[in-house]
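The values are calculated or read from the model by the stated rules, or taken from the named source; none is laboratory data. Please read these numbers as outputs of a predicted model, since none were measured by experiment. Positions of Cβ are backbone-derived with ideal geometry, glycine not excepted, and every protein chain shown enters the neighbour counts. When the accessible area is computed, the model is the full protein with side chains, heavy atoms only, and any ligands, DNA or RNA have been set aside. Shrake-Rupley method; radii C 1.70, N 1.55, O 1.52, S 1.80 Å.
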Amino acid sequence: MNEGVEWALHSCLNLAWIGPGRAVTAARLAAYHELPAAYLNKQLQALVRAGILSSVSGPKGGFRLARGLDRITLMDVVTAVEGPEEAFRCTEIRRQGPGAGPAGGYAAECAIAGAMGRAELAWRRELAAQTLDGVRARAEEQAPDAPERIRRWFANAG
């Protein structure tokens, strides 16, 4: 999983703490964590295409949440940024090289591909079961002043 997923998740939480009435530019969101704005913008655009964020044009434009955190799962964000493809893709290397036997010498499913597929399914189910609202609640337990600190920073940033 690339770092863009982490950036997208933090951006969603920051937008929630900033409040629903304010759109924030990619540059401002990037500045808060000292990230490259152009690359973060790509992640934010992916979230817009997935219906997680909305994009507002104009002088007060930027990004805002398109739906509540209770309706955004971790899997929604991962899929938006990474795409729907499976993380592990079996290329059937067992059928290549000196160990390659006759075509009928292998089970229909590669044992490694099967194990990786089951692990990925469990991972995806767990991500789909967790909403950003739950993550927000845990973050606020760990750092109760975070929402106000973030609101203040973005208010002072222009």
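Taken together, ALA66, ALA128 contain a single residue that is free of Cβ contacts under 8 Å to residues at least 24 places away in the same chain and open to solvent by 40 Å² or more (accessible area, probe 1.4 Å), which is ALA66. Against the criterion of being open to solvent by less than 80 Å² (accessible area, probe 1.4 Å), part of a helix (DSSP H, G or I) and in contact with a Pro (Cβ under 8 Å, 6 or more places away or on another chain), GLU120 does not qualify.
Taken together, the residues in region 49-61 that are open to solvent by less than 40 Å² (accessible area, probe 1.4 Å) and either more than 22 Å from ARG151 (Cβ to Cβ) or out of contact with any helix residue (DSSP H, G or I) (no Cβ under 7 Å at 6 or more places or on another chain) (or both) amount to 2. Among the residues of region 82-95, are any within 26 Å of GLU141 (Cβ to Cβ) and part of a helix (DSSP H, G or I)? The answer is no; no qualifying residue exists. The residues of region 1-57 that are at pLDDT 95 or above, part of a loop (DSSP other than H, G, I, E, B) and closer than 14 Å to ILE72 by Cβ, listed by number, are ALA50, GLY51, ILE52.
Once region 8-45 is narrowed to residues that are more than 18 Å from ALA66 (Cβ to Cβ) and of a type in the set (Phe, Trp, Tyr), the residue that is most open to solvent (accessible area, probe 1.4 Å) is TYR39. Within region 131-158, residues that are open to solvent by 80 Å² or more (accessible area, probe 1.4 Å) sit with their Cβ atoms under 7 Å from residues that are of a type in the set (Phe, Trp, Tyr) and not in a loop (DSSP other than H, G, I, E, B), at 6+ positions apart or across chains, in these pairs: ARG151/TRP17; TRP153/TYR32. Got at least one residue in region 90-103 being touching a Leu at 6+ places or on another chain (Cβ under 6 Å), surrounded by 13 or more Cβ atoms within 10 Å (Cβ to Cβ) and without any contact (Cβ under 8 Å) to a residue 24 or more places away in the chain? No: zero hits.
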